[in-house]
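All remarks here apply to the structure that follows.
The values are calculated or read from the model by the stated rules, or taken from the named source; none is laboratory data. From a predicted model like this one, the values you see are computed outputs, not experimental measurements. Glycine gets a Cβ as well: all are built from the backbone with ideal geometry, and neighbour counts include every protein chain shown.
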Amino acid sequence: MMTRRNTFTGTAVAFAIGILAACGGSGGGTIVASSYDQSCTHASDCVAVFQGTPACCDLECPNVAINHTDLAKYQVVLAEDAPTDCPETACLAMACLPTRVACVASKCSIGPGRTFDGGGGG
């Protein structure tokens with residue numbers, strides 16, 4: 001009985017790894033927030049975006065913030081860097097954690113909790 005359980009567990013793990021590998025796809029370049037305006041006076045100047053290399057099954061969860069005036073420029077680059085060879089295999093269901101934008105020391109940033117202006121100047 002122990003052997004059957006181990007075989008099932010091994011099969012389940014191999015299946016999960018296969019799904020993740022199939023969802024990999026090749027992405028374009030790496031998106032870096034410092035390529036965009038990150039200055040701010042108030043939190044309302046900022047928008048949360050993804051920084052990193054886009055992949056087929058990644059959610060591109062927001063992990064940095066930029067000034068909203070550069071959002072259109074960011075969206076063009078994100079679309080250009082999106083992988084084009086993604087398989088039709090379904091990806092595992094995941095969700096991004098909620099984030100809030102902040103203006104701290106005149107720079108857009110993100111973090112958990114409420115949106116705030118933390119010494120953004122002005």
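Take CYS46 and decide whether it is surrounded by 17 or more Cβ atoms within 10 Å (Cβ to Cβ), over 15 Å from the mean Cα position of the chain (by Cα) and hydrophobic (A, V, I, L, M, F, W, C). Taking the combined requirement at face value, the residue satisfies it. Being surrounded by 14 or more Cβ atoms within 10 Å (Cβ to Cβ) and over 17 Å from the mean Cα position of the chain (by Cα) is the filter here; which residues of segment 90-114 pass it? Across segment 90-114, the qualifying residues are ALA102, CYS103, VAL104, SER106, LYS107. Among residues that are modelled with pLDDT of 85 or more and either of a type outside the set (A, V, I, L, M, F, W, C) or under 13 Å from the mean Cα position of the chain (by Cα) (or both), ASP85 is not included.
Listed conditions (1) in a helix (DSSP H, G or I); (2) over 16 Å from THR99 (Cβ atoms); (3) not aromatic (Phe, Trp, Tyr) are all met by ALA55, apart from (1).
If you go through segment 63-83 and pick out every residue that is more than 16 Å from SER34 (Cβ to Cβ) and either surrounded by 14 or more Cβ atoms within 10 Å (Cβ to Cβ) or touching a residue at least 24 places away in the same chain (Cβ under 8 Å) (or both), you end up with 4.
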